[in-house]
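The structure appears right after this line, and notes come after that.
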Amino acid sequence: MISLLAQASSSAAIRDPVAVFLIIIAIMLIMPLLFERFRLPGIIGLILAGVVIGPYGLGLLERDRTMELLGTVGVIFLMFLGGLETSLDDLKRNADKALIFGLATFLLPMGIGTAAMLAIGYGWLPAILIASCFASHTLLALPVLSKLGILRSPTVTATLGGTLITNVLALLVLAVVVKANQGSLNLGFWLTLIPSLAIFTFATLWGIPQLGRWFFRKFGHNEEAEFTFVLTALFVVSYLAGRIEVEPIVGAFLAGVAITPLIPQFSPLMNRIQFIGNSLFVPFFLISVGMLVDPKVLFSDPRSLLISGVMIGAEFASKFLAAWGPARFFKWPFADGMVMFGLSVAQAASTLAAITVAYQIQLVDKLTVNGIIAMILASCIASPWITERWGSRMKPAAIAVDAESETDLASRVLVPVANPSTEDNLLQLAILLTKRSQGTLLPLHVLVAHEGRASAAARMQQTQLLTKAEEIAHAAVTSVQPVGRLDSSIDLGIVRAAQENEASLVICGWKGYSTYQENFFGSVIDNVVRQSTAPVLITRFVQPIETTQRVVLAIAERQLPNPQMEQVFQLAQAIAPELKAKLLVLWLSRSPRNSSFQEPPHKLLSEEATLESLSGSLVRRVSERINPDDLIIMVANTHRIGQPALGREPEIIAQQHSKNSLIVIHYPT
C-alpha cells in the first residue's frame, strides 16, 4: 500500500526544473524565518519542509538523482565547514579532551545500542551495525554555533575532534561487519585498510597546506582561482576517501582541517565559502534528509513503533551519557555538556550511508530502515534546539586579545590604494582588523592635481580603484567608506585625509629600503610617518598574507610607553589567530643587573603565545629565530637626520630577509 502511494505521488511530482528550484529556494527563504520567529532553529523548518514536499508527504518533489547529488554536496560542505573551524593547533591543545570524548561517544552508543537491539530480537551482526549508526553523528547544528559565536570554544573544538574519531571508528565497524557478513574478514583486509587510512590522513593534513601555499603564492591575486582551488581540494580529498573505503564526509572534514591555516577567519574567501555553504548547499542537504522520512510507516506495523522507540531511546541516552560524563570529568559547566550532547546527537549522513549499505546486502530489513529514519528525524529536530538553547548560555570563546581594548586602534582604518591587485594584502590586513573590532575601512586614493585639476581619465581610474576596494570589503561583510581626494602630493593627501576622516590607524605599503636622497629629504612613507597624528602600520608583504605560518613580534624593553606597548601586544595577538598562525614574542631586554631592567610582559600575552626573553642585538636575535613563512612585527625606533624615518633596524631586517613579510608600527611623537 505504501509503495503504491509513493508511486502515485511520484507520478504527480513536479518535474519542471525552474519550478523545482523555485520551490526549494522559497523553502530556504521562508522556513528559517518562520521557525526563528517562534524561537526555534531555522534548520528544523528545512527538515520538516522536506517531509511535507517529499514523496511521503504531499509528493510535490521527488528525491531523484539531482536531489541526492545536491544533498551529498551539502553534507560534504557541512563537514568541510566544521573542519574549517578546527585548526590543528586547536586540536593539539584539546587533543586529550577530543580523544576522551571521541572514545566515549563511540563506545557508550556501541555498548548500549548493541544490548538494546539484541534485547528486541536482532542478531549479533545487525545489532552491532545498528549500534555503529548510533555512535556516528553529523554536525547538523554547526550553523547555530556559528551564529552564537562559540565555534572556537574548547568545548566545540573537543566535540569536532571527537566527531572525527567516532565517525572513523563507526565507519570502520561498518566495513568490518560487511566483510564478516560476506565471510571475507581476514588478515588481508586489516593490512589494507589501516595503512591506507593512515597514509591518506597524513597526505591530506601535510600535502594540502603545502600545495595550497604554493598555489596562493602563484595565483594569490585571483579571487576566483582561490575559491575554485578550495572546492577542488575539498572534492578531491572526499573522492579519495571513498576510494579507500572511508566515507567521503571524513575526507571533507580532514580537508577543512588541512586548509584552514590558509584562509583567514575574516577574509573575503572565508566569507564566500561560508555564505555559499550555509545559504545553498547545506539547506539542500537538510531538505533532502526530510524527504527520506515516511511518517505513515510508523503506524503501518506495530513492531515499527517498538523498533523506532528503542532506537531513539538508546541513541539519545547513550549520546547524553557520552557528553555528560566527559564534561563532568573536564569540570565544564552543565551548559557545555549539553552543547556537546546537542552537537553529537544528530544522525544523518554517516547513519544513512551505513544503513543503506546494510539494507543492500540484506543484513537489515525495511522496518529497521524506517526505524533509523525515524531516529534521524527525531535527532535532527532535537539537535539544533538543544544546541541553541544551551549554547546561548555558554560564554563565548576566550579571545587572545580584549576586543574592547583594541577597538580604538582599529575603529577607523585608512588604507591608501593605488592598484588593488598589488594592494590586496594591505586590504586583507585592514579588513581583518576592522571586522574583528567592528570598525570601518577607509580605502583612500589620492590624485596629485596641478592647480587643483585632474584629468577625466585620472578621475575615472580613481573611481574604479575605490569601487574595487569597496567590493573587496563588502565581500568580507566589512563596513566601508571610500575616500577620493585631490591634493598637491601623495603624502600630504594621506595625512590630511587621515585627519579629516578621523582615522584611528593608517596602513601603508613599503618597499623595504630608503635611498640616501629619501633619508635626507624624505620619501612618501617618511613624510606620512613624521606628520601623521594617528599610528601608522608600514607593511612590506612579499607573499600572500594567508600563507603566514607564524607571527614574530620583536620588541625591545622600554621601546614604547606602557599604554602603547600594550596596544602593540594586542595588535599582534589580534593578527595571529585570524591568520591561523602561532605567535612568538621576542623580548629584547637589558641585563637583569641593570637597575632599569623591565620584566617581560607575561600578563599581556595569552596562553597560546610563546615568549622568549633575550638580550643583545635585536637584528641578530630576530635573524636567528625567523623562518621563511614568518610575518615579522617591529616597532619603529626614533630616528636622526640622514636616517630612515622607521630607524635602521627594520630596514636591515627587510634587506637581510627579503622573503619575509614585515610590519613596522609607528606611533606619533
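A few points about this structure:
- Restricting attention to the stretch 500-529, the residues being at negative phi, modelled with pLDDT of 80 or more and either among the basic types (Lys, Arg) or assigned to a loop (DSSP other than H, G, I, E, B) (or both) number 4.
- Residue match in the stretch 228-251 (condition: charged (D, E, K, R) and in a helix (DSSP H, G or I)): yes
- Taken as a whole, the condition of being assigned to a loop (DSSP other than H, G, I, E, B), among the polar types (S, T, N, Q) and modelled with pLDDT of 80 or more applies to residue 627.
- Count of the stretch 33-44 residues, restricted to those that are in contact with a helix residue (DSSP H, G or I) (Cβ under 7 Å, 6 or more places away or on another chain) and at pLDDT below 85, is 7.
- Residue in the stretch 161-173 that is at pLDDT below 75 and either under 22 Å from residue 132 (Cα atoms) or in contact with a Gly (Cβ under 8 Å, 6 or more places away or on another chain) (or both) present: yes
- Close Cβ contacts (under 6 Å, 6 or more residues apart or on different chains) running from residues in the stretch 203-219 that are surrounded by 15 or more Cβ atoms within 10 Å (Cβ to Cβ) to residues that are aromatic (Phe, Trp, Tyr) comprise 215/229.
- Selection within the stretch 185-220 - modelled with pLDDT of 90 or more and among the small types (Gly, Ala, Ser): 203, 207
- Residues (closer than 28 Å to residue 392 by Cβ and either assigned to a loop (DSSP other than H, G, I, E, B) or modelled with pLDDT of 85 or more (or both)) located in the stretch 52-77: 74, 77
- Test: residue in the stretch 221-234 that is of a type in the set (Gly, Ala, Ser) and modelled with pLDDT of 80 or more: yes
- Test for residue 278: is it surrounded by fewer than 17 Cβ atoms within 10 Å (Cβ to Cβ) and not basic (Lys, Arg): no
- Residue 93 vs. criteria in the same structural domain as residue 267 (by TED's automatic domain parsing), at pLDDT below 85 and surrounded by fewer than 20 Cβ atoms within 10 Å (Cβ to Cβ): yes
- When the stretch 630-669 is limited to residues that are closer than 20 Å to residue 614 by Cβ and loosely packed, with under 15 Cβ neighbours inside 10 Å, the one that is modelled with the lowest pLDDT turns out to be 648.
- Taking (1) over 30 Å from residue 337 (Cβ atoms); (2) surrounded by fewer than 21 Cβ atoms within 10 Å (Cβ to Cβ) in turn, residue 154 satisfies each apart from (1).
- Check on residue 178, within 28 Å of residue 333 (Cα to Cα), out of contact with any Leu (no Cβ under 6 Å at 6 or more places or on another chain) and assigned to a helix (DSSP H, G or I): no
- Scanning the stretch 422-442 for residues that are of a type in the set (Val, Ile, Thr) and at pLDDT 65 or above, we see that the one that is surrounded by the fewest Cβ atoms within 10 Å (Cβ to Cβ) is 440.
- Any hit, the stretch 256-274, residues being over 20 Å from residue 578 (Cβ atoms) and in contact (Cβ under 8 Å) with a residue 60 or more places away in the chain: no
- Residue 111 among the small types (Gly, Ala, Ser), free of Cβ contacts under 8 Å to residues at least 12 places away in the same chain, surrounded by fewer than 24 Cβ atoms within 10 Å (Cβ to Cβ) and at negative phi: no
- In the stretch 408-421 there is at least one residue matching the filter, namely being surrounded by fewer than 19 Cβ atoms within 10 Å (Cβ to Cβ), modelled with pLDDT under 85 and not small (Gly, Ala, Ser).
- Criterion: polar (S, T, N, Q), farther than 24 Å from residue 63 by Cβ and touching a Leu at 6+ places or on another chain (Cβ under 8 Å) - qualifying residue of 318, 288, 308: 318
- Residue in the stretch 310-330 that is of a type in the set (Val, Ile, Thr) and over 23 Å from residue 48 (Cβ atoms) present: yes
The values are calculated or read from the model by the stated rules, or taken from the named source; none is laboratory data. Quantities reported herein were computed from a predicted structural model and do not represent experimental measurements. Neighbour counts are summed over all protein chains in view; Cβ atoms, including those assigned to glycine, are modelled from backbone coordinates with ideal geometry.
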